[in-house]
1. Find the residue count for region 110-158, including only residues that are surrounded by fewer than 23 Cβ atoms within 10 Å (Cβ to Cβ), under 24 Å from Glu185 (Cα atoms), in contact (Cβ under 8 Å) with a residue 24 or more places away in the chain and not small (Gly, Ala, Ser).
2. Would you please name the residue that is modelled with the highest pLDDT, looking only at residues in region 61-87 that are over 30 Å from Gln389 (Cα atoms) and open to solvent by less than 30 Å² (accessible area, probe 1.4 Å)?
3. Count, please, the residues in region 354-372 that happen to be open to solvent by less than 10 Å² (accessible area, probe 1.4 Å) and in a loop (DSSP other than H, G, I, E, B).
4. For Gly237, only one of the following conditions fails: (1) at positive phi; (2) in contact with a Phe, Trp or Tyr (Cβ under 8 Å, 6 or more places away or on another chain). What is its number?
5. As an exercise: evaluate Lys282 against (1) part of a loop (DSSP other than H, G, I, E, B); (2) in contact with a strand residue (DSSP E or B) (Cβ under 8 Å, 6 or more places away or on another chain) and give the number of the one condition it does not meet.
6. Inspect region 247-268 for any residue being loosely packed, with under 14 Cβ neighbours inside 10 Å and assigned to a helix (DSSP H, G or I) and give the result as yes or no.
7. Test Arg303 against the criterion of being assigned to a helix (DSSP H, G or I), without any contact (Cβ under 8 Å) to a residue 24 or more places away in the chain and in contact with a Leu (Cβ under 9 Å, 6 or more places away or on another chain), and give yes or no.
8. When Lys192 is evaluated against the numbered criteria (1) open to solvent by less than 50 Å² (accessible area, probe 1.4 Å); (2) over 28 Å from Leu17 (Cα atoms), which criterion, by number, is the only one it fails?
Amino acid sequence: MSDYLQCRACGSSHGRLVLDLGIQPLANNLLKPTDLSQPEPKFPLRLFVCGECRLLQIADEVAPVKLFGEYLYFSSFSDLMLRHAREAAERYISDFGLGPKNRVVEIASNDGYLLKNFVQAGIPCLGIEPAANIAREAVSRGIPTRVEFFGSALAKTLVAENQGADLILGNNVFAHAPAINDFVEGLKILLKPGGRVILEFPYALDLIEKIEFDTIYHEHVFYFTLSALQPVFERHGLVIHHVEKLPIHGGSLRLFATHAENGAPDATVDAFLREENRRGVKADGYYQGFSERVMGLKTDLNRLLGRLKAEGKSVAAYGASAKGSTLLNFFGLGTDYLDFVVDRSSYKQGRLTPGTHIPILPPEQLLARQPDYTLLLTWNFADEILEQQQEYRQRGGQFIIPIPEVKIVE
């Protein structure tokens with residue numbers, strides 16, 4: 001069904017609607033109690049697939065300045081993210097022989113959780129972070145950071161300042177850039193001859209096949225398969241030469257790219273493309289039925305929570321995350337179901353969840369209040385959180401994991 005939805009990558013207007021999540025608040029717009037007297041910004045949130053290049057993307061764009069002016073996601077609050085970053089940095093330093101004469105640039109560098117590993121190794125680096133409040137935190141930790149959005153214009157400026165990059169990193173940022181062609185052109189411009197680009201992002205096959213619909217929110221403009229990305233990079237003189245699958249964030253890809261004249265795709269690229277073709281990502285049928293499966297999850301979770309409340313059980317939630325906002329708002333889960341949400345980030349505590357206005361408290365409140373059940377909204381960090389909350393579980397508290405199927409973990 002074409003809805004005149006135009007692809008941001010190839011320009012085709014033959015978009016096909018995959019899922020309509022209705023009118024949603026901005027997923028990271030955590031409110032202060034005093035904000036409740038003001039109208040809350042909300043926007044349509046629809047996912048479609050391009051009928052030509054098969055790039056999954058949202059239909060309704062929100063100005064980036066509204067999304068990233070003040071940002072409350074700090075990567076350093078996750079032990080898993082810190083370990084993932086350290087291991088990646090150590091590998092890249094070793095594999096590429098990086099030293100004091102090289103330069104590493106990270107796009108959307110957040111609070112410096114990744115680049116600090118390069119700084120400690122004596123490798124010059126630069127973070128690019130559009131959220132000024134987070135950039136200040138990175139600078140305070142000794143990470144050189146520019147408060148700007150990345151694109152071809154900034155890339156040209158950096159090259160003119162002799163800040164071209166031997167290694168460009170972008171973890172969970174590529175999907176946030178609406179002007180995808182300008183972003184990739186910026187990579188091309190900024191990358192030195194012989195340099196490497198490494199991007200990590202959630203994998204669209206996991207989104208569809210594991211019903212990870214809550215990873216859809218206004219910041220995440222794109223949901224990538226390798227099949228859809230390869231022509232974008234080729235268009236700008238870059239080649240994807242290696243691809244890896246990662247378990248993080250419910251399933252991600254780590255993509256390695258370089259200038260086209262520097263190499264050719266290796267066996268991993270061919271293997272991913274063949275597997276995607278086998279699964280049918282280029283056919284309309286692959287995306288049909290996704291909406292119905294999401295509605296099935298909604299029915300299951302609402303039925304479970306309704307039964308628990310009818311039995312007099314207390315229920316809280318863990319993780320004031322963006323994905324949690326999408327799930328709570330689309331499933332209609334507010335304070336009538338959930339007493340409070342806990343989150344490790346001190347920047348989120350004392351605020352309210354977008355749309356549903358559930359109070360956000362420190363994790364210690366799980367032990368202080370001991371709810372019977374806790375809905376795990378940050379299911380992508382399930383192992384880490386379940387380990388951290390052993391005492392709560394030993395006291396009888398149980399977690400509800402909503403995706404890819406609703407289940408209770410004691």
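The values are calculated or read from the model by the stated rules, or taken from the named source; none is laboratory data. Worth saying up front: this structure is predicted, and the values here are computed from it rather than measured. Ideal geometry is used to build each Cβ from the backbone, glycine not excepted, and the neighbour counts take in all protein chains shown. In case anyone asks, the SASA skips ligands and DNA or RNA and just uses the protein heavy atoms, side chains included. Shrake-Rupley method; radii C 1.70, N 1.55, O 1.52, S 1.80 Å.
1. Residues in region 110-158 being surrounded by fewer than 23 Cβ atoms within 10 Å (Cβ to Cβ), under 24 Å from Glu185 (Cα atoms), in contact (Cβ under 8 Å) with a residue 24 or more places away in the chain and not small (Gly, Ala, Ser): 7 in total.
2. Val62
3. Qualifying residue count, region 354-372: 3.
4. Single failed check for Gly237: (2).
5. The single condition Lys282 does not satisfy is (2).
6. yes
7. Answer is no for this residue.
8. (1)
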